[in-house]
Amino acid sequence: MRLPGLDFGLPALLDPDEPIFVLIALKLLKEHTLNPGWFGHPGTTTIYSLALVEAGIVLVGTLTGRFPDTNAFAKALFHDPAVAFLPGRVVMLISGLIVILLAYQLARRLFDTRVALLTAALLAIDPIHIRYSQIIRTDMQSTIFILLALLAAMQIVARGSLRTYLLAGMWVGIACATKWPAGTVAAGVAGAALLRIRLYPSEYRLALRRLGCCALMAVASCVIVSPYLVLDFATVISNLQGEGRAVHVGATGNGLLANMGWYLGNPLTNALGFGGLALAAAGLVAGARRQPIFGYVVGSAIGVFFVSITVQNLIWERWVVPLLPLLTIALAYATVSFVDKVRKHFPLFKLPAAIAITLLVAVPPLRVANAQAVERAVDTRRLATAWAMQHIPPGNTVAIEYLAFDALSAPWRFLYPGGNRGCFDPRTFVTRQITVSTVGSWHSSRPIVDFADIEADRTESCRADYLIFANYDRYVAASARFPTEIANYRRIAAGGHVVAVFKPHPGSVGGPIVRIIRLPACRAQTTRSNEPRCHS
């Protein structure tokens, strides 16, 4: 279910965050450094793993004569991003499969093999889990380390040795070095120590000392894995300030309770189905009663992590990824318990009950997974690019705000929004060897790159024959929060008229609303003095 569609969008880059990780990994190779220079997630383990993959590609390319050096690889990447993005997505796919394996192991240790097998099966068809197994991001890899930390925490309860505490602390630190919120899995480790103290009161002082050693190990392992968190601390602070923004188009929250409702009613319901989510809630309660370790370790981790994402200013579907294996364990336990009770009290209805509850928990996520797969395959931005290549004549200037590498062969002059710099021709990435840090300076603290942040004194740099907007309607949907951004769009598009609109349709077409705008000839071309020159 993860292999089909793994190349979605390519060679166009439709996810706005994927290029960040791939280009930073490339920077490490080109500049011969271990300093990513960006710590927003912080994402260090993901960036390093991608750098290893890219180094392997360069090595193979060098041996075969395709890439004489890193610069040749960078140029090839610009012309066909799939050369690095597809292998990077394979790393994420493998990470997703590892998560399924670890969830199986955790469920088996908590309950039994039946619960573990059902956990693996349900997680395998989870649409959100599938989606983020196909995108280069930190979420899937951070989930690996969260599960490893919880498995180690269970050993704290069973053995209580210093080694188990240190092992758990190590995984907590690596999880945090992958994605900051993953560090909240420390709550599960603390829950394990608390249960150990409850079971063995005489170890109270010893357990607290070892828990302190665990915390020190977490800090140490985080710094060892990502040393530039300390060595480049100023950049860390700057990146964290950028990540802590209060608003983001299409992702601004509305307070704790509203955010909780959104997560429960949207991504978690999509992932598990309404019935599955209800069963998972029941499984959390029943599982904690049967196995206190489930409540102390897994329940604590779920609760603290869920609160940590709901108190944020922003809301994102991807933030629930670490919750999916844990909630699926609860769902699987509730499902197996229900069938067991039917078998015990109503043996004649065992098979119908098993079939009914299987349909309840499996059909909704399967339907969502199928719909999302179709939507990823047919995206509004790809449709807009195809229309443009058929209808926009050669020699025109096209300003576009998504990375349409599939259109680079078109005989146009391209413009792309560059934040503080205004608009620029993206082909200069190759001809002038523009660095990632230079792009970062244009980007400043803006969450995404689009026409919304092109200021009035830079508007002329975006003059084109055609504009292709992919984010305009998202700003309009939250117009009260983004009046300046909407005004910037309208200033750039002044005098133009919409010639094509591509809208998403649930289950068949994915992506944002894309508008293609034709500008008057006298607005599209200017002389050196910026005076308009009309032509027929």
Subject >> Tabulated pairs, region 276-291, first closer than 12 Å to residue 302 by Cα, second in a helix (DSSP H, G or I) and open to solvent by 50 Å² or more (accessible area, probe 1.4 Å), C-beta under 9 angstrom, 6+ apart or interchain >> reply: none
Original post:
Would region 302-315 turn up any residue that is crowded, with 19+ Cβ neighbours inside 10 Å and in contact with a strand residue (DSSP E or B) (Cβ under 9 Å, 6 or more places away or on another chain)?
Top reply: yes
**OP:** Quickly run through region 455-470 and pick out the residues that are part of a loop (DSSP other than H, G, I, E, B) and either more than 20 Å from residue 414 (Cα to Cα) or open to solvent by 20 Å² or more (accessible area, probe 1.4 Å) (or both).
**Re:** 455, 463
Original post:
Which pairs have Cβ atoms under 9 Å, sit 6 or more apart or on different chains, and link a residue in region 157-182 that is within 12 Å of residue 215 (Cα to Cα) and modelled with pLDDT under 95 to one that is basic (Lys, Arg) and part of a helix (DSSP H, G or I)?
Top reply: none
**OP:** Scan (1) crowded, with 17+ Cβ neighbours inside 10 Å; (2) part of a loop (DSSP other than H, G, I, E, B); (3) modelled with pLDDT of 90 or more for the single condition residue 368 breaks and write down its number.
**Re:** (2)
Original post:
What are the residues in region 175-204 that are of a type in the set (S, T, N, Q) and under 11 Å from residue 138 (Cβ atoms), if any?
Top reply: 178
**OP:** Look at residue 273 and say whether it is of a type in the set (Gly, Ala, Ser), touching a helix residue (DSSP H, G or I) at 6+ places or on another chain (Cβ under 6 Å), on the phi > 0 side of the Ramachandran plot and open to solvent by less than 70 Å² (accessible area, probe 1.4 Å).
**Re:** yes
Original post:
For region 292-301, which residues satisfy the criterion of being surrounded by fewer than 22 Cβ atoms within 10 Å (Cβ to Cβ) and closer than 25 Å to residue 124 by Cα?
Top reply: 295, 299
Original post:
Counting only residues that are open to solvent by less than 70 Å² (accessible area, probe 1.4 Å) and either in a helix (DSSP H, G or I) or not small (Gly, Ala, Ser) (or both), how many does region 208-239 have?
Top reply: 22
**OP:** Would you check which residues across region 48-90 are of a type in the set (Lys, Arg) and within 30 Å of residue 224 (Cα to Cα) and list them?
**Re:** 89
Subject >> Matching entry among 15, 80 (being under 23 Å from residue 180 (Cα atoms) and touching a residue at least 12 places away in the same chain (Cβ under 8 Å)) >> reply: 15
**OP:** Please give the helices (runs of 4 or more DSSP H) falling wholly within region 1-115 in which 2 or more residues are at pLDDT 95 or above, under 30 Å from residue 158 (Cβ atoms) and open to solvent by 10 Å² or more (accessible area, probe 1.4 Å).
**Re:** 82-110
**OP:** Look through region 322-356, keep the residues that are of a type in the set (Val, Ile, Thr) and closer than 24 Å to residue 298 by Cα, and return whichever of them is farthest from the chain's Cα centre (by Cα).
**Re:** 339
Original post:
residue 146: more than 11 Å from residue 324 (Cα to Cα) and surrounded by 24 or more Cβ atoms within 10 Å (Cβ to Cβ), yes or no?
Top reply: yes
Subject >> Scan of region 150-206 for residues that are among the charged types (D, E, K, R), open to solvent by 20 Å² or more (accessible area, probe 1.4 Å) and within 26 Å of residue 289 (Cα to Cα), ordered by number >> reply: 159, 198, 203
Subject >> Matching residues in region 486-521 - criterion: being open to solvent by 40 Å² or more (accessible area, probe 1.4 Å), of a type outside the set (Val, Ile, Thr) and not in a strand (DSSP E or B) >> reply: 487, 490, 491, 495, 503, 504, 506, 508, 520
Original post:
Filtering region 377-411 down to residues that are crowded, with 21+ Cβ neighbours inside 10 Å and of a type outside the set (A, V, I, L, M, F, W, C), which residue is farthest from residue 460 (Cα to Cα)?
Top reply: 379
Original post:
How many of the residues in region 319-365 are part of a helix (DSSP H, G or I) and either more than 15 Å from residue 104 (Cα to Cα) or open to solvent by 60 Å² or more (accessible area, probe 1.4 Å) (or both)?
Top reply: 32
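The values are calculated or read from the model by the stated rules, or taken from the named source; none is laboratory data. These numbers were taken from a predicted model, which means no experiment stands behind them. As a convention, Cβ positions derive from the backbone with ideal geometry for all residues, glycine included, and neighbour counts pool all protein chains shown. Note: areas computed on protein heavy atoms with side chains; ligands, DNA, RNA excluded. Shrake-Rupley method; radii C 1.70, N 1.55, O 1.52, S 1.80 Å.
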